[in-house]
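Step one of this worksheet: look at the structure below.
The values are calculated or read from the model by the stated rules, or taken from the named source; none is laboratory data. This is a predicted model, so every value here is computed, not measured. Every residue, glycine as well, gets a Cβ built from its backbone with ideal geometry; the counts of neighbours run over all protein chains shown.
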Amino acid sequence: MMTLMSEFAGFPLWGAQFYAELERHNSREFWAGHKERWEREVRDPMRALVAALEPEFGPATVFRPHRDVRFSVDKSPYKTHQGAIAGPARGLGYYVQLDADGLSVGGGFRAHSPAQTDRYRRAVDADDDGALPAIVATLEGQGYEVMGASLKTRPRGYPADHPRIELLRRKEVMALRNVGVPAWLPSADALDHVRAMWSQLRPLAQWAIEHVGPAADEVPAGR
């Protein structure tokens, strides 16, 4: 679990400005010149935010700022956002991010194994009551964008005229909403706003936790 380093007091507006500059100057020299302020005004507030939300939404992880460039054509050394996730396993649960466009809040699951995608599709196929489509429709009505890697054609083994073919094409399903840089962002009220949005996302996150679950390498032995 995260350790609460200090009480959450909001995200200073400098954070979004910093990431706008980092998009243009993604270098170790630029990072070194702003690292201390980034720690104070981006990393530490994010740690405090998710630590305050952990009791309700589960163990949280604040992602590292360095990109894994080993297999990427883009060798930019730093991520142009600061993200964090809360939930029972990697890529499963609730998400929050700060970048040049401000604050984004989301939830659902990002697939980390083909087995997760297979379990997801089996659950969608069996969802004759339309539970997941109803969840997705509600979130879209609340301003969330439903996203995730998707096939252009039908997945193997499912008919093209399946009533939930659009969801079946997906390999993963997430809902994300960008709220920009609202007046409450640099205040402690941001905690209540993120909590309220994660509560809206709870049906999707819980559906994914129940029907998809963690990747095989995250399931304890004997289960």
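Helices (runs of 4 or more DSSP H) fully within region 5-97 that include at least 3 residues being modelled with pLDDT of 95 or more and touching a Phe, Trp or Tyr at 6+ places or on another chain (Cβ under 6 Å): 44-57. Here Lys79 meets each of (1) surrounded by fewer than 15 Cβ atoms within 10 Å (Cβ to Cβ); (2) basic (Lys, Arg); (3) closer than 27 Å to Leu204 by Cβ with one exception, condition (1).
There is at least one residue in region 54-62 that is within 15 Å of the chain's Cα centre (by Cα) and either closer than 28 Å to Tyr158 by Cβ or of a type in the set (Gly, Ala, Ser) (or both). Go through region 18-33 and give me each residue that's touching a residue at least 40 places away in the same chain (Cβ under 8 Å) and within 20 Å of Met46 (Cβ to Cβ). Result: Tyr19, Ala20, Leu22, Glu23, Asn26, Trp31. Is it the case that Val212 is aliphatic (A, V, I, L, M) and either surrounded by fewer than 19 Cβ atoms within 10 Å (Cβ to Cβ) or touching a Ser or Thr at 6+ places or on another chain (Cβ under 7 Å) (or both)? Here the answer is no, as Val212 does not meet what is asked. In the set Ala183, Ala160, Ala188, Ala149, only one residue is of a type in the set (Gly, Ala, Ser) and in contact (Cβ under 8 Å) with a residue 40 or more places away in the chain; that residue is Ala188. Restricting region 124-150 to residues that are within 19 Å of Leu92 (Cα to Cα) and of a type in the set (Gly, Ala, Ser), which is surrounded by the most Cβ atoms within 10 Å (Cβ to Cβ)? Within region 124-150, the match that is surrounded by the most Cβ atoms within 10 Å (Cβ to Cβ) is Gly148. How many residues, within region 98-134, are outside any strand (DSSP E or B), of a type outside the set (Lys, Arg) and at negative phi? Of the residues in region 98-134, 22 are outside any strand (DSSP E or B), of a type outside the set (Lys, Arg) and at negative phi.
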